[in-house]
Amino acid sequence: MILGIQRDLQSEGVTVSVSRLCHWFEVPRRTMYYKPTKVAPKVQDRFEKPIKAMIDQDPSYGYRTVAGLLSFNKNTVQRIFQIRGWQVKQRPIGFRPRVQAMPSVAQTPDERWATDLCRVWTGRDGWASLALVIDCYTREILGWHLSRSAKSSTAESALEQALINRYGTLGRVNAPFLLRSDNGLVERVIRTIKEQCVHRQRFETLQHASRVISDWIGFYNQKRPHQALKMKTPNQVFEMFKLAA
């Protein structure tokens, strides 16, 4: 305000010092020279270093996943993401036509399973088919199989592994369940495998790919928290259901 008045007076040929104007208008003169400085937000190393190490290992992790894996408060992790500019790039939002079908919703484990396939480049062994079977309630990958053989036999092998993992045998099922293919839930799991495992590797052989994918699926089932599961792992959700039953 004072400087504006000074300029207006000068335009009319009147020169008045800033100190005199401050005296006339009872404005402290020091305020004319004070420039507020914004203090840079502080980030504690005990939080920043493990967070940075984790997103360097896998940049696709969002702050909720990082907070769950490190057992940090999600608000603290989100703040550090924002300060350091580590936000995960959002996927473009737009209309994508989908086949209208029953939603992949289940109220209990083993009520509804889902299965689908995708292709994986395995270096010297060429393209292979990866089949998955997941539980729609727990999001657990119950069975999987990677093979260069026909897709039908690959899918059958994944289902056999799922039955053995859940029931211990191929010949016994506690209750009927629904098995679906090509649905949004398993598509998201496949996308996660590609983003966080397959696309971050350069597989040399089918055996190499199988070993790495096997390790990642173990991590996914046992250690990776899911937002849809209230930041619990698939194995934790299954065990909690068994205890409550």
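For residues that are part of a loop (DSSP other than H, G, I, E, B) and free of Cβ contacts under 8 Å to residues at least 12 places away in the same chain, scanning just segment 165-207, find the one that is nearest to the chain's Cα centre (by Cα).
Initially, segment 165-207 is screened for residues part of a loop (DSSP other than H, G, I, E, B), giving 168-177, 182-183, 197, 201-205.
Filter once more, so that each one left must be free of Cβ contacts under 8 Å to residues at least 12 places away in the same chain: 168-173, 176, 201.
Details: G168: 32, T169: 34, L170: 34, G171: 37, R172: 36, V173: 33, P176: 33, Q201: 18 Å.
Filtering first and then ranking leaves Q201.
When the residues of segment 106-137 are filtered to those that are in a helix (DSSP H, G or I) and out of contact with any Phe, Trp or Tyr (no Cβ under 8 Å at 6 or more places or on another chain), which remaining residue is least open to solvent (accessible area, probe 1.4 Å)?
If we take residues in segment 106-137 being in a helix (DSSP H, G or I) and out of contact with any Phe, Trp or Tyr (no Cβ under 8 Å at 6 or more places or on another chain), then D125 is least open to solvent (accessible area, probe 1.4 Å).
For segment 214-245, give me each residue that is in contact with an Asp or Glu (Cβ under 9 Å, 6 or more places away or on another chain) and either on the phi > 0 side of the Ramachandran plot or not in a helix (DSSP H, G or I) (or both).
Here is the first cut: in segment 214-245, the ones in contact with an Asp or Glu (Cβ under 9 Å, 6 or more places away or on another chain) are 220-221, 233-235, 237-238.
T233 - this is the single residue of segment 214-245 that is in contact with an Asp or Glu (Cβ under 9 Å, 6 or more places away or on another chain) and either on the phi > 0 side of the Ramachandran plot or not in a helix (DSSP H, G or I) (or both).
Between residues in segment 3-32 that are free of Cβ contacts under 8 Å to residues at least 12 places away in the same chain and residues that are assigned to a helix (DSSP H, G or I) and open to solvent by 100 Å² or more (accessible area, probe 1.4 Å), which pairs lie under 6 Å by C-beta distance while being six or more apart or on different chains?
Between residues of segment 3-32 that are free of Cβ contacts under 8 Å to residues at least 12 places away in the same chain and residues that are assigned to a helix (DSSP H, G or I) and open to solvent by 100 Å² or more (accessible area, probe 1.4 Å), the close pairs are S19/R29.
From the set of residues in segment 30-53 that are open to solvent by 30 Å² or more (accessible area, probe 1.4 Å), at pLDDT 85 or above and part of a helix (DSSP H, G or I), which is farthest from G85 (Cα to Cα)?
That would be R46.
The values are calculated or read from the model by the stated rules, or taken from the named source; none is laboratory data. In this text, all values refer to a predicted model and were calculated from it rather than measured experimentally. All Cβ positions, even for glycine, are placed from backbone atoms using ideal geometry, and neighbour counts span all protein chains on display. With ligands, DNA and RNA removed, areas are computed over all heavy atoms of the protein, side chains included. Shrake-Rupley method; radii C 1.70, N 1.55, O 1.52, S 1.80 Å.
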